[in-house]
Every structure is written in structure tokens, then in C-alpha cells.
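Novice: This is the structure, below, for whatever I ask next.
The values are calculated or read from the model by the stated rules, or taken from the named source; none is laboratory data. Remember, it's a predicted structure, so these values are computed and weren't measured experimentally. Here Cβ is always computed from backbone atoms with ideal geometry, including for glycine, and neighbour counts include all displayed protein chains. Heavy atoms of the whole protein, side chains included, go into the accessibility calculation; ligands, DNA and RNA do not. Shrake-Rupley method; radii C 1.70, N 1.55, O 1.52, S 1.80 Å.
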Amino acid sequence: MIKFLPEIYPDEAIYSYLSRCFARSGFIWNSGFSKEVFGKALVNIDYSFPRAFAPEFRQLIEDKIGLKKLVLDHTLFKYYARFLPLDKKKVAFEKAMDNQQFLERYLPTTRNVDTSCLRYCPKCAKEDREKFGEAYIHIEHTIPDIHICPKHCCELVNVDFINN
């Protein structure tokens, strides 16, 4: 059972945060971690929006970070909801707060995003290591079709990974 959550870093993507939680959880296999976090063993974890959390993990997130802060600052919700009418934005936000599996029905998400890679800025990674002792994936680096770091104006590096 997960009893401790690390601090979430500024602008850290939810996928990065869950990856760090897994690394510190003591679980050897991701299926056990996934079961604790989502209530079932999942093969893939969406790196933009998490699926529904298990009740105990949801409460840990609420206590440590706050679900509203998690959705607004550590997912692509603001990016996708930016131009939605207010009524649709409210519905999409409610669904995102509940970690709905089919959130793309409520948000105009990009359908053909290359989900096999994440991107990072080498300069941000260096700064993160100096400041926090480790690098992490920034949410702004996961925005589809953005390949330049907005802070350093350098090209983002693709990292191929298997999401399981």
C-alpha cells in the first residue's frame, strides 16, 4: 500500500510524477503499483491525463496536491480547454477531476499524437538536476507539435519508451 507521495515539481507532467511515485514505492512490478493507484493493473498509463484513481490513492493526491491543482497544473487540460465555451469547459473539467477514461469526448484532444515518445529540454533537465537532484518531464514539453522549449528556445529531445 502506498503511504507516501513525493512533492510534485513545478510544471511536472502527471506521467512524470507517477513514474517518480513508482520508483519510490517499493513495487518491483508496475502491475502492483498500477493496482494501488488505479484499482486495477493497467498495461498503459496515459501520459496526458490519468485514468480514474483508486479511492485511497485519490485521497492521498487530494491531501498532498489537490485534484484541482493536479488537473490544472500537471495535465494538458488548460491547453485543450483553452478555446472551449465556458459550459463545455466546466463539463470537461468535471470529467477531468473524476479522471474519466474517455475525456477526449469532452476535450478537443489531438487524435494522432505520437504516444510512443516524450520530450525534454536538455537545459531544463540540467537545471532540474541542480535544483531538485533529478530531472523530470515538464508538462509544457508534452504539448503536441511543440518541439522547442519555451524557456530556453532550444530543440526538445524525443525519448522513446515503452509505456508498460
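Novice: Scan the stretch 122-141 and tell me whether some residue there is under 16 Å from the mean Cα position of the chain (by Cα), modelled with pLDDT under 95 and among the hydroxyl-bearing types (Ser, Thr, Tyr).
Specialist: No, every residue in the stretch 122-141 fails to be under 16 Å from the mean Cα position of the chain (by Cα), modelled with pLDDT under 95 and among the hydroxyl-bearing types (Ser, Thr, Tyr).
Novice: Could you list, ordered by first residue, the pairs with Cβ atoms under 9 Å in which the first is in the stretch 118-147 and in contact (Cβ under 8 Å) with a residue 60 or more places away in the chain and aromatic (Phe, Trp, Tyr) and the second is open to solvent by 30 Å² or more (accessible area, probe 1.4 Å) and part of a helix (DSSP H, G or I), at least 6 apart or interchain?
Specialist: Note: pairs meeting the criteria are 136/19.
Novice: From 58, 119, grab the single residue that is at pLDDT 85 or above and assigned to a strand (DSSP E or B).
Specialist: Numbers: 58 fails: assigned to a strand (DSSP E or B).
Checking each option against the conditions leaves just 119.
Novice: Which of the residues spanning the stretch 51-66 are open to solvent by 10 Å² or more (accessible area, probe 1.4 Å) and either within 19 Å of residue 140 (Cα to Cα) or of a type outside the set (Gly, Ala, Ser) (or both)?
Specialist: Passing the criteria: 51, 53, 55, 56, 58, 59, 60, 62, 63, 64, 65.
Novice: Further, regarding this structure: Out of (1) surrounded by fewer than 16 Cβ atoms within 10 Å (Cβ to Cβ); (2) closer than 15 Å to residue 1 by Cβ; (3) in contact (Cβ under 8 Å) with a residue 24 or more places away in the chain; (4) not aliphatic (A, V, I, L, M), the odd one out for residue 36 is which?
Specialist: Here residue 36 clears every test but (1).
Novice: Select from the stretch 7-28 the residues that are within 18 Å of residue 139 (Cβ to Cβ), open to solvent by 10 Å² or more (accessible area, probe 1.4 Å) and in a loop (DSSP other than H, G, I, E, B) and list them in ascending order.
Specialist: Result: 7, 8, 9, 10, 11.
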